[in-house]
Amino acid sequence: MAKENRKTKTLAGKMLEKKNTCEGSKTGYSTKHKNVLVKCSWKNCIVDPSGNMYYTWIQIMIVPVLYNWVIIICRTVFTDIENSYLSVWLTLDYLCDLFYIFDMVIRFKTGFLEQGILVQEQSRLSQNYIRSSEFKYDVLSILPTDLLYFYLGIHYPIVRINRFVRVYRLFEAFDRIETRTSYPNTFRLCKLMLYVFVLIHWNACFYFALSSTIGFGEDDWVYPNMSDPDFATEYRQYIYSFFFSTLILTTVGDTPKPEREEEFMFMMVDFLIAVLAFASVVGNIGHVISNLNNAEKAFFPNHELVKSYFKNHKVNKDLQKRVNNWYQHLYINKKMTKENEILKTLPERLRAEVAVSVHLGTLSKVTIFQNCEMSLLEELVLKLKPQVFSPGEYVCKKGDVGHEMYIIKEGKLAVVADDGVTEFAVLGEGNFFGEISILNIKGNTSGNRRTANIKSIGHSDLFCLSKEDLKGVLTEYPEAKRILEEKGKQILIKMGKLDENLAGGLESKEEQMNSRIKRIEDSLDSLQTKLARMVAEMASSTDKLKMRVESLENDINHWQASCEEVK
């Protein structure tokens, strides 16, 4: 397994070379940057549905879809708005139609997955799109219903109602954005507000249309009479209708009492819609808050449980204050101590790639790990565990048995005397300590015990690598283990803490032990071979004996039959 790991391309190298491909039936193209669009002929270009090009295009499609859903109904009801800006509306209408048509072209070029592989054959892509339900919706949405203008007149934008069918692209775009954005909860709130706006907008249009049918100014409930100059402009018509619609759907403020059956029916339907809309808004906001709480629990330890523990066990106030300050530091500075739990749902290789991008630079600064195999560092970087120490807190004390080494990510630590005050040295970002204690180097006179007191001066962020994790990784990298031990010995020699005679004696004993183990393994292999041969011979003898017994039984049966015939 170690050989396979060494033969594979390292994750760090993969991260430096992200490739997007654009292939046709005969030609392939690539680029070294994921955000660069590939230059290729349009005829051979294939759109990856998970790529940046498709993601950008589907965001662009939000504009024409929303335009049709908002403007068509508005122009149909508010005739003054339609007449005042007719040339603008017609220009935007046919510009949106061009977007709709080009969107279908994009769909013909969009690949799909088959058994996990992106299909790029143009004929199959076209067939897949034509057979889908989206193709029927797209065709329906671009039918030239505008030809009805010649029969009804140019001021009937309602003939373009078939453009509403393309709304599924809007929902698809929202789903993609919510998946990719770094602020999904904020986006959900914005999306909810957009839906509420569209609902109120449509309701305002229906209110104005109903007022027009009943007659403007016929009672206090409908839109006021147009003879009043204050209510004659197209801006006032829309703003008043939108305001009135907001009052009804939010049930905030007083609205005029309806007097006609049509008005009562409109209010009842609006109240039902308002109830559903209110439930939807409350549910969505509750979901967002729940997601925020879950995200907070995933990133930070649960402080409430610790407080309950302190209360039940009556922990002294000073210790409680230190713990509370530690939690406060985590929250204020967004320090994470549960990285491995956050990333545990990712596939192992993808999790390793994320860890490499975040922590490989820190690990490679450690002297004993410099010039090691990249695959070894990739294994080790998954084992790093972040730890946060408060001011005045000891990371380790002289004489403690070393079970882990530390790498300083941020902050300052002091090497202090036994009195805890006298400082011998200050360690900063990128420094490390405790690396010798986790290697079990033979001849180490300190016996894998700490040789100094290390205390945090302020809040310090450290990475911890345990002896067990390093040992588990090195079992698959014997050459790397030998190199690390040699580097550790050199450091101990400089420190004057390596007994070379003891190291040599231990090495000779280890060699003798390895030699004995080797002889025993060879003997076991030989015995296994002999046992296998004996089992095979026994099986062969058994088969031969079985055949002889069957032959004798057949002869006996034949003789018995012959005797019976003679008698």
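The values are calculated or read from the model by the stated rules, or taken from the named source; none is laboratory data. None of the values given here were measured: they were computed from a predicted structure. Glycine gets a Cβ as well: all are built from the backbone with ideal geometry, and neighbour counts include every protein chain shown. Each accessible area value is taken on the protein alone, full model and side chains, heavy atoms only, with ligands, DNA and RNA left out. Shrake-Rupley method; radii C 1.70, N 1.55, O 1.52, S 1.80 Å.
Out of the residues in the stretch 384-410 meeting the condition of being farther than 20 Å from residue 369 by Cα and of a type in the set (Asp, Glu), tell me which one is modelled with the highest pLDDT.
393
Here is a list: 174, 108, 197, 135. Which entry is open to solvent by less than 30 Å² (accessible area, probe 1.4 Å) and at pLDDT 90 or above?
Answer to the check: 174.
Of the numbered conditions (1) open to solvent by 70 Å² or more (accessible area, probe 1.4 Å); (2) over 26 Å from residue 328 (Cα atoms), residue 410 fails exactly one; give the number of that condition.
Every listed condition holds for residue 410 apart from (2).
So which of 468, 476 ends up being assigned to a helix (DSSP H, G or I) and either at pLDDT 75 or above or of a type in the set (S, T, N, Q) (or both)?
The conditions single out 468.
Which of the following residues is open to solvent by 60 Å² or more (accessible area, probe 1.4 Å), closer than 26 Å to residue 88 by Cβ and under 42 Å from the mean Cα position of the chain (by Cα): 161, 142?
Numbers: 142 fails: open to solvent by 60 Å² or more (accessible area, probe 1.4 Å).
After applying the criteria, what remains is 161.
Just one of 379, 404, 353, 373 is under 19 Å from residue 480 (Cα atoms), open to solvent by 20 Å² or more (accessible area, probe 1.4 Å) and either basic (Lys, Arg) or in contact with a Leu (Cβ under 7 Å, 6 or more places away or on another chain) (or both); which is it? Even if it seems obvious, please write down each step before you answer.
Values: 379 fails: either basic (Lys, Arg) or in contact with a Leu (Cβ under 7 Å, 6 or more places away or on another chain) (or both); 353 fails: under 19 Å from residue 480 (Cα atoms); 373 fails: either basic (Lys, Arg) or in contact with a Leu (Cβ under 7 Å, 6 or more places away or on another chain) (or both).
Exactly one of 379, 404, 353, 373 is under 19 Å from residue 480 (Cα atoms), open to solvent by 20 Å² or more (accessible area, probe 1.4 Å) and either basic (Lys, Arg) or in contact with a Leu (Cβ under 7 Å, 6 or more places away or on another chain) (or both), namely 404.
Go through the stretch 242-279 and count every residue that is without any contact (Cβ under 8 Å) to a residue 40 or more places away in the chain and assigned to a helix (DSSP H, G or I).
Restricting attention to the stretch 242-279, the residues satisfying the condition of being without any contact (Cβ under 8 Å) to a residue 40 or more places away in the chain are 243, 247, 250-258, 261, 264-265, 267-269, 271-272, 274-276, 278-279.
Next cut, assigned to a helix (DSSP H, G or I) only: 243, 247, 250, 261, 264-265, 267-269, 271-272, 274-276, 278-279.
Result for the stretch 242-279: 16.
Of 453, 431, which residue is without any contact (Cβ under 8 Å) to a residue 40 or more places away in the chain and either touching a strand residue (DSSP E or B) at 6+ places or on another chain (Cβ under 9 Å) or not small (Gly, Ala, Ser) (or both)? Even if it seems obvious, please write down each step before you answer.
Working: 453 fails: without any contact (Cβ under 8 Å) to a residue 40 or more places away in the chain.
Sole residue among the options that is without any contact (Cβ under 8 Å) to a residue 40 or more places away in the chain and either touching a strand residue (DSSP E or B) at 6+ places or on another chain (Cβ under 9 Å) or not small (Gly, Ala, Ser) (or both): 431.
Please work out if residue 73 is buried (at least 17 other Cβ atoms within 10 Å of the Cβ), within 27 Å of residue 234 (Cα to Cα), aliphatic (A, V, I, L, M) and in contact with a Lys or Arg (Cβ under 7 Å, 6 or more places away or on another chain). Even if it seems obvious, please write down each step before you answer.
On the way: buried (at least 17 other Cβ atoms within 10 Å of the Cβ): yes; within 27 Å of residue 234 (Cα to Cα): yes; aliphatic (A, V, I, L, M): yes; in contact with a Lys or Arg (Cβ under 7 Å, 6 or more places away or on another chain): no.
So residue 73 does not fit the description; no.
Give 398, 383 a once-over and let me know the one that is within 22 Å of residue 472 (Cβ to Cβ) and in a loop (DSSP other than H, G, I, E, B). Can you show your working first?
Details: 398 fails: within 22 Å of residue 472 (Cβ to Cβ).
None of the other options fit; the residue is 383.
Go through the stretch 142-164 and give me each residue that's part of a helix (DSSP H, G or I) and among the β-branched types (Val, Ile, Thr).
Of the stretch 142-164, the ones part of a helix (DSSP H, G or I) are 145-152, 157-164.
Those that are part of a helix (DSSP H, G or I) and among the β-branched types (Val, Ile, Thr): 145, 158, 159, 161.
Need the failing condition index for residue 437 against (1) open to solvent by 90 Å² or more (accessible area, probe 1.4 Å); (2) in a helix (DSSP H, G or I); (3) of a type outside the set (Lys, Arg), just the number.
(1)
Within the stretch 227-238, can you find the residues that are closer than 24 Å to residue 262 by Cβ and loosely packed, with under 15 Cβ neighbours inside 10 Å?
227, 228, 232
Can you tell me which residue within the stretch 500-531, out of those that are under 51 Å from the mean Cα position of the chain (by Cα), closer than 29 Å to residue 451 by Cβ and open to solvent by less than 70 Å² (accessible area, probe 1.4 Å), is modelled with the lowest pLDDT?
In this case the residue turns out to be 506.
Filter the stretch 212-237 down to residues that are free of Cβ contacts under 8 Å to residues at least 24 places away in the same chain and under 28 Å from residue 164 (Cα atoms) and give me whichever is nearest to the chain's Cα centre (by Cα).
Ranking the candidates gives 235 first.
Can you find a residue in the stretch 79-94 that is without any contact (Cβ under 8 Å) to a residue 12 or more places away in the chain, under 41 Å from the mean Cα position of the chain (by Cα) and open to solvent by 20 Å² or more (accessible area, probe 1.4 Å)?
Within the stretch 79-94 (the criterion being without any contact (Cβ under 8 Å) to a residue 12 or more places away in the chain, under 41 Å from the mean Cα position of the chain (by Cα) and open to solvent by 20 Å² or more (accessible area, probe 1.4 Å)), the answer is yes, since at least one residue qualifies.
Which residue is surrounded by the most Cβ atoms within 10 Å (Cβ to Cβ), if the candidates are limited to the stretch 413-434 and must be in a strand (DSSP E or B) and under 41 Å from the mean Cα position of the chain (by Cα)?
Ranking the qualifying residues of the stretch 413-434, first place goes to 413.
Going by what's in this entry, would residue 118 be described as modelled with pLDDT under 95, surrounded by 14 or more Cβ atoms within 10 Å (Cβ to Cβ) and not in a helix (DSSP H, G or I)?
Spelling it out, residue 118 is indeed modelled with pLDDT under 95, surrounded by 14 or more Cβ atoms within 10 Å (Cβ to Cβ) and not in a helix (DSSP H, G or I).
When you look at residue 101, is it crowded, with 19+ Cβ neighbours inside 10 Å and touching a residue at least 40 places away in the same chain (Cβ under 8 Å), yes or no?
When the stated conditions are applied, residue 101 does not pass them.
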